[in-house]
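Worksheet: one structure, shown below.
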Amino acid sequence: MVIIMLGAPGTGKGTVSGMLSDKLNIPQVSTGDIFRKHISEQTELGKLANSYISQGKLVPDDVTINLVKDRLQQDDVQEGVILDGFPRTVKQAEALDNMLNNLNRKVSLTVNLTTPEKELIERVVNRRICPKCKTVYNLILNPPHNENICDNCGNELVKREDDNESTFKGRLNTYIQETSPLVNYYENQEKLFSAVVSQSINKMGKDVTQDVLEYIKKKHIT
Ligand code: AMP
């Protein structure tokens, strides 16, 4: 099973991916997490990625595609994978179709999350993440029990450097221009499941995760 998560920054891709990963027992692969690891280790890839990420821009397609190509060869993702944040351009989506084709696999489902724009910025600036186990918190909607400490593993929580108001605007624009065409791309392939994640309708990540799991069951998606 290959599940893709689509959505603007702050819609909850990471949260829903994590829950789906637990329930379906398949790994979550986040290109953003891979880049952040390289940045913290100050590798050449990390330095390159940071020059784009810090401006709210996408890391170039060829770099990102090669990274995912290597990751998809690894043993742990052969039974299934949740791609959190890849593809983000039509070029990446076409490359993914080719990669999967060569591995005799295909995209099973694309989960497209949407959230009213005014809620997105609030979520992004209040987001804290555990760098160790990747659990995502929100200081208002979903705070940790002890301030700044991960409930799950006890590690200290951090705020992503790109989770500030000015970078967010760039990321949202990048999403609209470069990533949102993928909604049509997967809709045309009849692989799209769209869901609204919003406080205003009291529907959050865990509810949407449940809806996705029911849809997978109903449609016999493998
Ligand atoms: P995320 O953690 O998914 O929000 O990603 C953080 C940042 O990493 C993005 O704003 C991009 O700069 C970069 N990034 C993550 N995934 C991709 C991708 N598929 N293509 C290009 N850049 C990416």
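Between segment 105-169 and segment 73-99, the C-alpha centres lie 22 angstrom from each other. Shape summary of segment 48-157, radius of gyration then Dmax from alpha carbon positions: 17.0, 47 Å.
List the longest stretch of the chain that has no exposed loop site; here a site is one of the GluC sites (Glu not before Pro) assigned by DSSP to anything other than H, G, I, E or B, with at most 10 other Cβ within 10 Å. Maximal segment without exposed cleavage sites: 42-146.
Among the listed pairs K23/K203; K91/K218; K91/K159, which are separated by more than 28 Å between their Cα atoms? Those over the limit are K91/K218; K91/K159. Surface composition of the chain: carbon and sulfur make up 46 percent of the accessible area, probe 1.4 Å. Taking R0 as 35 Å, what FRET efficiency do you get between K206 and E44 from their Cβ-Cβ distance, rounded to the nearest 0.05? So the FRET efficiency works out to roughly 0.35. Here the chain was treated as a single set of alpha-carbon atoms; its pair distances binned every 5 Å from 0 give 1, 7, 14, 20, 22, 19, 12, 5, 1, 0 percent.
In the structure shown, do any of K57/K219; K69/K191; K132/K169 have a Cα-Cα gap over 30 Å, and if so which?
Details: K57/K219 36 Å; K69/K191 21 Å; K132/K169 27 Å.
Listed pairs above 30 Å: K57/K219.
The values are calculated or read from the model by the stated rules, or taken from the named source; none is laboratory data. The structure presented is a predicted model; accordingly, all values stated were derived computationally and were not measured. Note that we place each Cβ from the backbone using ideal geometry, even for glycine, and neighbour counts take in every protein chain shown. The protein model used for the area step is the full one, side chains on, heavy atoms only, and it has no ligands, DNA or RNA in it. Shrake-Rupley method; radii C 1.70, N 1.55, O 1.52, S 1.80 Å.
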